[in-house]
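Participant: Below: one structure in structure tokens.
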Amino acid sequence: MNKLALLNKVKEIYSNNQNVIAYLKNLNNEDKNSLEDILISYDFQAGSYIKGYENNPTIKDAYCDYLSNIINNIGEYDSILEGGVGEATTLGVTLSKLDKKPKNSYGFDISWSRIKYAEKFIKTRKLDNVHLFTGDLFNMPLKDNSIDIVYTSHSIEPNGGREEEALKELYRVTNKYLILLEPSYEFADETARARMKKHGYVTNLYETAKNLGYKILEHRLFEVSSNPLNPTGLIIIEKEAGETIANPICCPVTKTEIIKKNNAYFSQDSLLAYPIIDNIPCLLTQNAIIATKFLD
């Protein structure tokens with residue numbers, strides 16, 4: 001079934017405050033949240049997180065206070081990435097609170113509409129050198145060991161069963177530290193655990209990280225959670241640092257350099273072009289256009 005043909009129906013579902021992902025999953029009797037389901041659901045939500053922050057900034061500000069404190073005390077860094085940045089309400093507020101601003105900050109999301117709102121939010125915070133683009137958490141358009149501090153904030157959340165894939169990809173692009181603020185199944189009560197399973201959330205990030213042999217510096221319940229039925233856990237992973245990479249953004253297919261020309265990015269290695277829409281680079285693999293004569 002082509003779910004993209006149902007967007008007007010999904011719009012109606014969303015307008016009636018019904019669960020979009022649950023509706024899409026039921027169409028094919030799926031037991032896991034697919035990438036397409038998450039993309040459609042998140043795109044319809046675009047704008048809601050900024051509105052929620054503007055109406056009540058207290059919880060988000062407290063959340064970012066603790067996150068910024070972790071980053072302030074973690075060590076030297078020049079670059080920061082939020083994987084699954086959404087509308088940048090966490091990234092924008094956290095960057096504003098850092099003692100030392102990174103030379104460059106990055107954020108990507110699977111949803112173009114969320115990045116559109118994220119751009120607006122970053123401008124209201126008057127932050128410089130923040131680079132936003134669309135991307136896939138499981139196939140990031142970023143080079144190996146290219147970002148000093150990588151963090152997530154409930155962005156791995158809806159991908160239950162894919163914990164190992166997510167961790168490996170996040171670890172791949174990390175140069176020094178990986179900070180995970182994700183649902184904490186280990187520290188949740190039985191009611192919260194049942195809810196996490198029902199919604200297809202991740203449930204074993206910590207065990208998976210241990211089994212992968214990662215150096216875990218800290219694992220505990222985070223100080224702030226917006227929903228007691230979805231408590232936030234903190235995992236900090238350290239990685240041996242490599243050389244600094246000047247241009248981390250790359251072709252998601254080959255992980256090689258991309259160059260900007262007019263309204264697209266192009267990889268000479270893959271011969272693929274990626275459109276730029278309203279100044280937002282679209283760097284999902286499904287956005288790729290075969291363009292062997294692009295530079296002619």
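The values are calculated or read from the model by the stated rules, or taken from the named source; none is laboratory data. Note that the structure is a prediction, hence the values are computed from the model and not measured. Please note: Cβ atoms are built from the backbone with ideal geometry, for glycine as well, and neighbour counts cover all protein chains shown.
Participant: Here are some residues: LYS101, LYS3, LYS51, LYS60. Which one is in contact with a Leu (Cβ under 7 Å, 6 or more places away or on another chain), within 27 Å of HIS131 (Cβ to Cβ) and not hydroxyl-bearing (Ser, Thr, Tyr)? Steps first, answer last, please.
Facilitator: Values: LYS3 fails: within 27 Å of HIS131 (Cβ to Cβ); LYS51 fails: in contact with a Leu (Cβ under 7 Å, 6 or more places away or on another chain); LYS60 fails: in contact with a Leu (Cβ under 7 Å, 6 or more places away or on another chain).
Going through LYS101, LYS3, LYS51, LYS60 in turn, the sole match is LYS101.
Participant: Only one of PRO275, PRO248 is out of contact with any His (no Cβ under 8 Å at 6 or more places or on another chain), at pLDDT 95 or above and closer than 21 Å to LEU81 by Cβ; which?
Facilitator: Numbers: PRO275 fails: closer than 21 Å to LEU81 by Cβ.
PRO248 is the lone residue from the list that is out of contact with any His (no Cβ under 8 Å at 6 or more places or on another chain), at pLDDT 95 or above and closer than 21 Å to LEU81 by Cβ.
Participant: Residues in region 118-146 that are assigned to a loop (DSSP other than H, G, I, E, B) and free of Cβ contacts under 8 Å to residues at least 40 places away in the same chain: how many?
Facilitator: The first filter runs over region 118-146 and keeps only residues assigned to a loop (DSSP other than H, G, I, E, B), leaving 125-129, 135, 137-138, 140-141, 143-146.
From what's left, free of Cβ contacts under 8 Å to residues at least 40 places away in the same chain: 125-129.
Within region 118-146, residues that are assigned to a loop (DSSP other than H, G, I, E, B) and free of Cβ contacts under 8 Å to residues at least 40 places away in the same chain number 5.
Participant: Quick one: which helices (runs of 4 or more DSSP H) lie wholly within region 147-217 and hold at least 1 residues that are surrounded by 19 or more Cβ atoms within 10 Å (Cβ to Cβ), among the hydroxyl-bearing types (Ser, Thr, Tyr) and in contact (Cβ under 8 Å) with a residue 24 or more places away in the chain?
Facilitator: On the way: elements: 163-173, 190-198, 205-211.
In region 147-217, the matching helices (runs of 4 or more DSSP H) lie at 205-211.
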